[in-house]
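Undergrad: Below: one structure in structure tokens.
The values are calculated or read from the model by the stated rules, or taken from the named source; none is laboratory data. Note that the structure is predicted; figures quoted are calculated from it, not measured. Note that we place each Cβ from the backbone using ideal geometry, even for glycine, and neighbour counts take in every protein chain shown. Surface areas here come from the heavy atoms of the whole protein model, side chains and all, with no ligands, DNA or RNA. Shrake-Rupley method; radii C 1.70, N 1.55, O 1.52, S 1.80 Å.
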Amino acid sequence: MIGLVVAANEASKDTTPRGDGALKTMEGKDVSTTRTQTPVGLRDLPTMEMETLEKVDTLRIRTGDTVKFFHVTGWEWYSEEEMVFATSTNHNIIIKNDKVMILNLADEGGALPE
């Protein structure tokens, strides 16, 4: 049993950050990490927990044969059926009553249905 605990402690050294926060292997090489991505339907976003919504930084939307990609700069949550995402390209992505609209703020009201 003690051997198992010692082995587990040695293995945990691979993932323990050093004082500067950098992760290193036992050999001193940098450890690379990737961000977790989870696909979620746009219409489901208003039902997500606030902590989850705070992690949303991009939206990918298919309109017909076109795929639009947006960087999220903020959002407003109104209810489990309505919220609005602001984007870096001056668009608002409006989710309301199970419908999604892309509003180009530069066009002052031009919207495309999903």
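Undergrad: Looking at this structure, is residue 81 at pLDDT 95 or above, within 24 Å of the chain's Cα centre (by Cα) and open to solvent by 50 Å² or more (accessible area, probe 1.4 Å)? Spell out the reasoning first.
TA: Details: at pLDDT 95 or above: yes; within 24 Å of the chain's Cα centre (by Cα): yes; open to solvent by 50 Å² or more (accessible area, probe 1.4 Å): yes.
Yes; evaluated as a whole, the condition is true for this residue.
Undergrad: Please determine, by comparing only the residues of segment 34-53 that are of a type in the set (S, T, N, Q) and either more than 18 Å from residue 94 (Cβ to Cβ) or under 12 Å from the mean Cα position of the chain (by Cα) (or both), which one is most open to solvent (accessible area, probe 1.4 Å). Before the answer, list the steps.
TA: Of segment 34-53, the ones of a type in the set (S, T, N, Q) are 34, 36-38, 47, 52.
Retained after the next criterion (residues that are either more than 18 Å from residue 94 (Cβ to Cβ) or under 12 Å from the mean Cα position of the chain (by Cα) (or both)): 34, 36-38, 52.
Numbers: 34: 126, 36: 120, 37: 148, 38: 106, 52: 60 Å².
The selected residue is 37.
Undergrad: Picking from 72, 31, 56, which residue would you name as being hydrophobic (A, V, I, L, M, F, W, C), open to solvent by less than 60 Å² (accessible area, probe 1.4 Å) and at pLDDT 95 or above?
TA: Details: 31 fails: at pLDDT 95 or above; 56 fails: at pLDDT 95 or above.
After ruling out the rest, the residue left standing is 72.
This table checks each residue for (1) at pLDDT 95 or above; (2) surrounded by 10 or more Cβ atoms within 10 Å (Cβ to Cβ); (3) in contact with a Gly (Cβ under 8 Å, 6 or more places away or on another chain).
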| site | (1), (2), (3) |
| --- | --- |
| 63 | no, yes, no |
| 76 | yes, yes, no |
| 100 | no, yes, no |
| 104 | no, yes, yes |
| 109 | no, no, no |
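Undergrad: Output yes when any residue across segment 65-79 is within 21 Å of residue 104 (Cβ to Cβ) and among the basic types (Lys, Arg), and no when none is.
TA: Within segment 65-79 (the criterion being within 21 Å of residue 104 (Cβ to Cβ) and among the basic types (Lys, Arg)), the answer is yes, since at least one residue qualifies.
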